[in-house]
Structures are given as structure tokens and as C-alpha cells.
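S.K.: Got a structure for you, written out below as C-alpha cells; questions coming shortly.
The values are calculated or read from the model by the stated rules, or taken from the named source; none is laboratory data. Computed from a prediction, not measured in an experiment: that's the story for all the values here. Quick reminder, even Gly has a Cβ in these numbers, built from the backbone with ideal geometry, and neighbours come from all protein chains shown. Calculation scope for accessible area: heavy atoms of the full protein, side chains included, ligands and nucleic acids excluded. Shrake-Rupley method; radii C 1.70, N 1.55, O 1.52, S 1.80 Å.
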Amino acid sequence: MSRLLLLFFILFITLMSCDGRDRKYKKNVDVLKEHNLFESFSKHVKYIPEQPTEVFTDTILSTGFQIKIQYYSLENDFISRTTNTSNDNNKTTHFKNFEAQFQVSKNNNLITRDYINKEMFSKFESQAFWAAAIMQFVWIDYENSSDDFITLNTSFHLPETEVYKDFSIVINKFGEIKTRAINLVENVL
């Protein structure tokens, strides 16, 4: 019985000495680094856009073309940018990629249905550009459309830069699709 009492007394003293006095005057940052938890508390993650985004456009032109465009963010496909802020904090921003599904009809007859994404324009730019770019917009180019074809435009952007690349998609009344790069910068001599 005395051994049990002695064991209980030693256990009691051991547990009472573990009150955290050794960390009383340490900074929180030091305690977190000591336990390898600093990185998880110092990361700030932001998604752009924050919520799933979807835009649906249904347009009927006087030329007989009907265009349906469904433009949406891809939740598990994004471009990440990490910056160091003050106090050793990291800020990571995830820019979500976008994709568009379109359907073109002429006089109520479906002529084509396809997707607009980076793969469609891969021959126009380097793989490095496409790895860092996101789709910004998709719109109908009314001025460059006629009775025989419809033109869609799209723009890709490198986040946090001023670099944009614009492309057009020409769809004729037989459903044939042609893509080309658009240079919107004027050359002034």
C-alpha cells in the first residue's frame, strides 16, 4: 500500500510541474515554431472568385443565328500566386480558371456545340503562357458577324499583370470553326 501511495505521489508531482511555466514568457510565434505549427497559422488563402461563378447567355440574331453560351468557373483548376507579407505571413491567392460551353444554331437547326478553353488556343502561345493564364471573358462580336458566320471573342489574362491575349472564334453556317489571335495593340510609327 505504501508503494502505491509513493507512486501516486510521484505521479502527482510530475503532473503538477507540467503547467507551462517554461512557455510563459515566450512569444506565440516561438511556441508555434517550436511545435511546427507556424506555417499552418501564418498562411492566408484567398480564392478569386470566392464562390462558383456562372453566366448564361442566350442570344438570337436577325441573321437566324442563335448562340447559347454558358461561362463558368472551374472549382478545382486554378493558378496560384504566393506573396510574403509582413511578420513572415504568406498570402496565397488562387485564381480560378474558366471555361465556356457554347451552342450555335442557324434557323433553329443545331450546327455546332463545343467548349472554349485553353486547349482550343494552345497553338497560338507557349505552354508557359497557358500554365499561368486564365480566361477572362467570352462575348459575341456583332460587328464581325454576318449572315454566313458568327464570331465569338475571348480574352486570356495573366493574373496580377497587364498581359492579355485576345482570340476570335469564327463559326460558319455549316458548323466549321476557325480560331485566330487578335492583336488589339495599334502600331504607331
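S.K.: Check residue 82 against each of (1) surrounded by fewer than 14 Cβ atoms within 10 Å (Cβ to Cβ); (2) touching a residue at least 12 places away in the same chain (Cβ under 8 Å) and name the one condition it does not meet.
M.R.: All conditions are met except number (2).
S.K.: Being open to solvent by less than 10 Å² (accessible area, probe 1.4 Å), in contact with a helix residue (DSSP H, G or I) (Cβ under 8 Å, 6 or more places away or on another chain) and in contact (Cβ under 8 Å) with a residue 40 or more places away in the chain is the filter; apply it to segment 155-179 and report the residue that is farthest from residue 61 (Cα to Cα).
M.R.: Going residue by residue through segment 155-179, those that are open to solvent by less than 10 Å² (accessible area, probe 1.4 Å) are 155-156, 159, 167-169, 171.
Narrowing the set further to residues that are in contact with a helix residue (DSSP H, G or I) (Cβ under 8 Å, 6 or more places away or on another chain) leaves 156, 159, 167, 169.
This time we only want the ones that are in contact (Cβ under 8 Å) with a residue 40 or more places away in the chain, so: 159, 167, 169.
Numbers: 159: 34, 167: 22, 169: 17 Å.
Filtering segment 155-179 for residues that are open to solvent by less than 10 Å² (accessible area, probe 1.4 Å), in contact with a helix residue (DSSP H, G or I) (Cβ under 8 Å, 6 or more places away or on another chain) and in contact (Cβ under 8 Å) with a residue 40 or more places away in the chain, the one farthest from residue 61 (Cα to Cα) comes out as 159.
S.K.: Let me ask you something else. Just one of 40, 62 is surrounded by fewer than 10 Cβ atoms within 10 Å (Cβ to Cβ) and modelled with pLDDT of 90 or more; which is it?
M.R.: Just a single option satisfies the conditions, and that option is 62.
S.K.: Residue 162 passes all but one of (1) part of a loop (DSSP other than H, G, I, E, B); (2) modelled with pLDDT of 95 or more; which number fails?
M.R.: It is condition (2) that residue 162 fails.
S.K.: Restricting the first residue to segment 51-67 and requiring it to be free of Cβ contacts under 8 Å to residues at least 12 places away in the same chain, which pairs with a second residue that is among the charged types (D, E, K, R) and surrounded by 10 or more Cβ atoms within 10 Å (Cβ to Cβ) meet a Cβ separation below 8 Å and a spacing of at least six or different chains?
M.R.: If the second residue must be among the charged types (D, E, K, R) and surrounded by 10 or more Cβ atoms within 10 Å (Cβ to Cβ), the pairs left are 58/68.
S.K.: Ok, one more. Condition test on residue 118, is it farther than 14 Å from residue 67 by Cβ, in contact (Cβ under 8 Å) with a residue 40 or more places away in the chain, surrounded by 15 or more Cβ atoms within 10 Å (Cβ to Cβ) and not polar (S, T, N, Q)?
M.R.: Details: farther than 14 Å from residue 67 by Cβ: yes; in contact (Cβ under 8 Å) with a residue 40 or more places away in the chain: no; surrounded by 15 or more Cβ atoms within 10 Å (Cβ to Cβ): yes; not polar (S, T, N, Q): yes.
No.
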